[in-house]
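What follows is one structure encoded as structure tokens, with my remarks underneath.
Nothing in this text is a laboratory measurement; each read-out follows from the coordinates by a stated rule. What you see is a predicted model; the values in this text were computed from it and never measured. FYI the Cβ positions are ideal-geometry reconstructions off the backbone, even for glycines, and counts take in every protein chain you see.
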Amino acid sequence: REPHLHPERHLYSGGRGDVTYNVHCKKCANDGKTCSPCSNSVHFVPRQFGLSIPKVLITDLLSNTNYTFSIEAVNGVSDLSPTPKQEVTVNITTGQTGIVSFLR
């Protein structure tokens with residue numbers, strides 16, 4: 001079974017109508033400290049970046065692997081802000097068959 005990420009939308013959009021969502025993926029070592037970007041073999045449906053709603057299906061994860069997914073909300077002026085972008089992080093560990101066995 002593939003994971004679905006569906007965090008709540010921001011209640012306040014700052015008056016902007018151009019809010020989109022990006023999903024960043026990292027594959028992590030068992031210690032959880034050493035991570036690298038996911039390979040192109042991991043797929044996101046409908047896509048990874050520029051989502052109009054914060055909902056995505058993630059497929060083709062490797063078995064027995066730790067993943068960290070970060071979801072950020074951005075708009076047309078996010079890059080102008082002096083504060084760091086805020087994001088929600090989800091850690092997932094797949095089982096022997098690539099099925100999600102742990103979600104926190």
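Using 1/(1 + (r/R0)^6) with R0 = 22 angstrom and r between the beta carbons of residue 62 and residue 31, what's the FRET efficiency to the nearest 0.05?
0.80
Quick check: residue separation of residue 88 and residue 70 times 0.36 nm, minus the Cα distance between them. What number comes out in nm?
5.9 nm
Using the per-residue mean of other Cβ atoms lying within 10 Å as a proxy for protection, in what order, highest first, do the peptides 29-41, 69-81 fall? Display every interim value, and only then the final one.
Numbers: 29-41: 10.7, 69-81: 14.5.
Ranked from most to least packed, the peptides come out as 69-81, 29-41.
Explain nothing, just compute: Karplus ³J(HN,Hα) = 6.51 cos²θ - 1.76 cosθ + 1.60, θ = phi - 60°, for every residue of region 66-79 in order, whole Hz, x for Gly and Pro.
9, 10, 10, 10, 10, 10, 10, 9, 9, 9, x, 10, 4, 5
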